[in-house]
Amino acid sequence: DPNITYKNAVFMVISKDSRLKMLDAISRKLDGLDTDYKFIVKSNKDLGNVNPKIEWTKNDIGSKEMQTMIEESNIMMDISRAASTGLSFRVFESLAYQKKLITTNEAVKRYAFFDPNNILVIDPENIEIPKEFFETPYNPIDQDVYNKYTIENWVKTVFGLV
């Protein structure tokens, strides 16, 4: 919504794993674009030599708190795990909240909801994030396409109720 002022341009929460190096590289790209973000890493110990703007916590983040942070952010971030070939929950969250998404998951381009205005796929080997991506509003997707990817439709499909 162009009338909303967001607290953060980009938001992501992950647990400390192999994606941390990529998150660090992305945070530094965003710093270069002078774009704010809220990246939180759940870890039992400090994150070591990463961008100090990346927050870390030992605590679980409750669903209410997570919802608030998503709502306060304009764009969601998704970094695929190396072995992952499907879509993460983050992709579906971005659809549900009608938020733009920056992802490393190339597979997202094969889905009917893919819109390059809403979803920026970045190459982990050559991170490029155009400033224009932040300047255009979310483009609502067709309602029939959206409905196809809801949990309600998924349940109906899995249990043969459609």
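The values are calculated or read from the model by the stated rules, or taken from the named source; none is laboratory data. From a predicted model like this one, the values you see are computed outputs, not experimental measurements. Glycine also receives a Cβ, built like all others from the backbone with ideal geometry; neighbour counts cover every protein chain displayed. What goes into the accessible areas is simple: the full protein's heavy atoms, side chains included, and nothing from ligands, DNA or RNA. Shrake-Rupley method; radii C 1.70, N 1.55, O 1.52, S 1.80 Å.
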ask   = Quick one: what pairs do we get from region 128-141, first residue over 12 Å from residue 102 (Cα atoms) and assigned to a loop (DSSP other than H, G, I, E, B), second open to solvent by 50 Å² or more (accessible area, probe 1.4 Å) and aliphatic (A, V, I, L, M), C-beta under 9 Å, 6+ apart or different chains?
value = 141/112
ask   = Any idea which residue in region 97-116 is nearest to residue 26 (Cα to Cα), counting only those that are hydrophobic (A, V, I, L, M, F, W, C) and not in a loop (DSSP other than H, G, I, E, B)?
value = 102
key: Top-ranked residue of region 17-29 - restricted to ones that are open to solvent by 40 Å² or more (accessible area, probe 1.4 Å) and in a loop (DSSP other than H, G, I, E, B), ranked as nearest to residue 126 (Cα to Cα)   = 18
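Yes/no matrix, rows are residues, columns are (1) of a type in the set (Val, Ile, Thr); (2) open to solvent by less than 40 Å² (accessible area, probe 1.4 Å):
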residue	(1), (2)
70	yes, yes
93	no, yes
133	no, yes
139	no, no
142	no, no
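Filter region 1-16 down to residues that are modelled with pLDDT of 90 or more and open to solvent by less than 40 Å² (accessible area, probe 1.4 Å) and give me whichever is farthest from residue 51 (Cα to Cα).
Start the filter on region 1-16 by keeping residues that are modelled with pLDDT of 90 or more, which leaves 9-16.
Filter again for open to solvent by less than 40 Å² (accessible area, probe 1.4 Å), leaving 9-14.
On the way: 9: 17, 10: 15, 11: 15, 12: 14, 13: 15, 14: 15 Å.
Ranking the qualifying residues of region 1-16, first place goes to 9.
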message = Can you confirm whether residue 109 is in contact (Cβ under 8 Å) with a residue 40 or more places away in the chain and of a type outside the set (Ser, Thr, Tyr)?
response = no
query = Can you name the condition, by its number, that residue 97 falls short on among (1) touching a residue at least 40 places away in the same chain (Cβ under 8 Å); (2) touching a helix residue (DSSP H, G or I) at 6+ places or on another chain (Cβ under 7 Å)?
reply = (1)
message = Please determine whether any residue of region 30-40 is open to solvent by 50 Å² or more (accessible area, probe 1.4 Å), modelled with pLDDT of 90 or more and among the small types (Gly, Ala, Ser).
response = yes
ask   = If you check every pair at least six apart or on different chains, which have Cβ atoms under 8 Å apart with a residue in region 44-63 that is farther than 12 Å from residue 28 by Cβ and of a type in the set (Lys, Arg) first and a residue that is open to solvent by less than 50 Å² (accessible area, probe 1.4 Å) and in a loop (DSSP other than H, G, I, E, B) second?
value = 58/43
note = Of the residues in region 46-89, those that are outside any loop (DSSP other than H, G, I, E, B) and farther than 19 Å from residue 7 by Cα come to 57, 89
